[in-house]
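Here's the structure we're looking at; comments come further down.
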Amino acid sequence: MKPKISMRKALSDPKVLGRALLAPSWFGWRVLLIAAAGEKLTSKERIEFKRLTGREREPGRPCRELICIFGRRAGKTLAISTFDCWIAACCDYRDVLARGEVGVALLISRDQRAAKIALDYIDGILRDSPVLSSLIVNRTADTIELSNRINIEVRPCNRVSVRGPTYISVIADEVAHWFTSTDFANPDVEILSSARPGLLTSAGPLLMVSSAYSKYGVLYDAFKKHYGPDGPPDILVAYGSSRDLNPSLPQAEIDRELEADPVRNRAEYLSEWRDDTAGFIPRDVVEACVGDYRELPPRDGVVYYCFLDAASGSENGDSYAIAISHKEGDQIIIDAVREVIPPFSPSTTVSDVLVPLCKRYRIAGKVWGDNYAGEYPKELVRKAGLYYDLWPQHKSELYRDPLLPLLNSKRITLPRIDRLVNQTCTLERSVKRSGRDEITHPSHGHDDLINAAAGAAAAARKAALTEQHVPLVSPWAICKEGVLEPGDVYTPPTSDWLRSEHWGPVGSSPPP
């Protein structure tokens, strides 16, 4: 990237970008953009720069990452659109683009509506410039094509669609409100990981702009690592309230919003990270309890316990999760966790996944679970020859005790399964209006695996479960309809039979 005109000169020249951030209230943004472009600041500008970044001096070189965390109505979209116009229209990339190659200034937004707003800003800034307007060749719903072999494009949050092009810049708009859990197909970390390689050729910047929200995700991680005087020079983090960057906002209106909903609006206008959506369990606590295995084989002489989180199998619904555990002294070991992702047939899942897993770990009697969907999932399990019993605790209670104390004391070992670990770390704790404390997954998230694992840990810890009972219904005493006929005599299975290699389907003959 070779600037044809400096950022300072472009912002001061009304023929280039001088009309974009003209009012005195844009002073803070002009300081940040000049510093991010690698240019020197004046002594007055350094005072503002320190107020916004916590650093004494500007980087002195172009930033590879600019992270701006400010409240609502702080002018983030217009300011960052101005920066993108300078990158796309005022810099030369002929030395890094191959013949016929088009460089892309990419803007990623949470949805198409927000993306269109940002693209309209960029289009308006370019057309308002007597010099830059001549570069516009074509405008579509998602692309502005320039005559210098640069396209400015907007795309939604999708890790697949951002792969491929050579990027001269990548803007992540309102990134704090993207999906963060890896349970989703397109979490924030995966999207940015897919886009970053496209910046290697041009050495262009990654720009993250957003208001503050939860204490997890790529934005919060960047804030923790890089904000303040100890951050690396080429990663610049600016942080402040709405009025820090837009002093024209009426304080009385903000005070009224804070009074109406202090928790939500302190994040929206004051950039305070929300504690009510913070992770229930810190990631370092969880990772300290993760073993070096994905699944442990069964061992002789060990009593295992099973807990399942049943699901209907409908598309885009919850997964069917099963966890196996055992107890060794004071330590709870989660030996195996199985997940069936929808769509699936519940009856097939029971016969093809649950039953073989229970047989492998010699669980011939009781399995535990919650009361999901009433009798239907319990009946399927009972027809398979296992007794489904309801665990007395709600999942919020399971997370509070035993899961949290076990993790804090390192008396539980979890398998190294990324989805399980991430579900544990993204559990949220909040207080409902009724006063009840609820612990659950974030909006649109899942906690199927950790629910099953927490239940299995509780089952292994409970002293009353040191002895398992035989099932109320034997797999080999079931007729084709799945029930005992009147007058049938039930014979408990022997230990040799339970260890047999063949466990036939319902209605078949028992092994000899």
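Going by what's in this entry, would residue 132 be described as within 20 Å of residue 166 (Cα to Cα) and of a type in the set (A, V, I, L, M)? Taking the combined requirement at face value, the residue does not satisfy it. One residue stands out among those in segment 334-356 that are open to solvent by 60 Å² or more (accessible area, probe 1.4 Å) and among the β-branched types (Val, Ile, Thr): the one that is nearest to residue 418 (Cα to Cα), which is 341. If you go through segment 11-37 and pick out every residue that is open to solvent by less than 20 Å² (accessible area, probe 1.4 Å) and free of Cβ contacts under 8 Å to residues at least 40 places away in the same chain, you end up with 3.
One residue stands out in segment 323-345 among those that are touching a residue at least 60 places away in the same chain (Cβ under 8 Å) and within 15 Å of residue 446 (Cβ to Cβ): the one that is nearest to the chain's Cα centre (by Cα), namely 339.
Any chance segment 58-68 includes a residue that's out of contact with any Phe, Trp or Tyr (no Cβ under 9 Å at 6 or more places or on another chain) and closer than 20 Å to residue 176 by Cβ? Yes, segment 58-68 contains at least one residue that is out of contact with any Phe, Trp or Tyr (no Cβ under 9 Å at 6 or more places or on another chain) and closer than 20 Å to residue 176 by Cβ.
Within segment 367-382, the set of residues being open to solvent by 50 Å² or more (accessible area, probe 1.4 Å), within 17 Å of residue 323 (Cα to Cα) and over 27 Å from the mean Cα position of the chain (by Cα) comprises just one member, 371. Note on segment 383-421: among residues that are in a strand (DSSP E or B) and within 12 Å of residue 308 (Cβ to Cβ), the one that is least open to solvent (accessible area, probe 1.4 Å) is 388. Elements of the type helices (runs of 4 or more DSSP H) sitting completely within segment 186-285 and holding at least 1 residues that are in contact (Cβ under 8 Å) with a residue 60 or more places away in the chain: these cover 188-195, 218-226, 242-245, 262-270.
Of all residues in segment 325-347, none are touching a Pro at 6+ places or on another chain (Cβ under 7 Å) and of a type in the set (Phe, Trp, Tyr).
Residues that are open to solvent by 10 Å² or more (accessible area, probe 1.4 Å), more than 25 Å from the chain's Cα centre (by Cα) and in contact (Cβ under 8 Å) with a residue 40 or more places away in the chain are absent from segment 103-117 altogether.
Of all residues in segment 75-102, those that are in contact (Cβ under 8 Å) with a residue 60 or more places away in the chain and farther than 13 Å from residue 173 by Cα total 16.
Could you tell me which residue of segment 279-289 is modelled with the highest pLDDT, considering only residues that are surrounded by fewer than 17 Cβ atoms within 10 Å (Cβ to Cβ) and out of contact with any Cys (no Cβ under 6 Å at 6 or more places or on another chain)? Looking at residues that are surrounded by fewer than 17 Cβ atoms within 10 Å (Cβ to Cβ) and out of contact with any Cys (no Cβ under 6 Å at 6 or more places or on another chain), I get 288.
Only residues that are within 35 Å of the chain's Cα centre (by Cα) and of a type in the set (Ser, Thr, Tyr) were counted in segment 118-165, giving 4. Which residues, counting only those in segment 200-238, are over 30 Å from residue 94 (Cβ atoms) and open to solvent by 50 Å² or more (accessible area, probe 1.4 Å)? Passing the criteria: 213, 215, 221, 224, 225, 227, 229, 230.
Considering segment 422-446, the residues that are assigned to a helix (DSSP H, G or I) and in contact with a Gly (Cβ under 8 Å, 6 or more places away or on another chain) include one that is modelled with the lowest pLDDT, namely 425.
Does at least one position in segment 142-158 carry a residue that is touching a residue at least 40 places away in the same chain (Cβ under 8 Å), more than 22 Å from residue 61 (Cα to Cα), of a type outside the set (Ser, Thr, Tyr) and in contact with a Gly (Cβ under 6 Å, 6 or more places away or on another chain)? Yes, segment 142-158 contains at least one residue that is touching a residue at least 40 places away in the same chain (Cβ under 8 Å), more than 22 Å from residue 61 (Cα to Cα), of a type outside the set (Ser, Thr, Tyr) and in contact with a Gly (Cβ under 6 Å, 6 or more places away or on another chain). Reported count of residues in segment 63-117, each being under 25 Å from residue 189 (Cα atoms) and of a type in the set (D, E, K, R), is 9.
The values are calculated or read from the model by the stated rules, or taken from the named source; none is laboratory data. Being a predicted model, the structure only gives us computed values, none of them experimental. Because the Cβ atoms are built from the backbone with ideal geometry, glycine has one as well, and the counts that use them run over all protein chains shown. When the accessible area is computed, the model is the full protein with side chains, heavy atoms only, and any ligands, DNA or RNA have been set aside. Shrake-Rupley method; radii C 1.70, N 1.55, O 1.52, S 1.80 Å.
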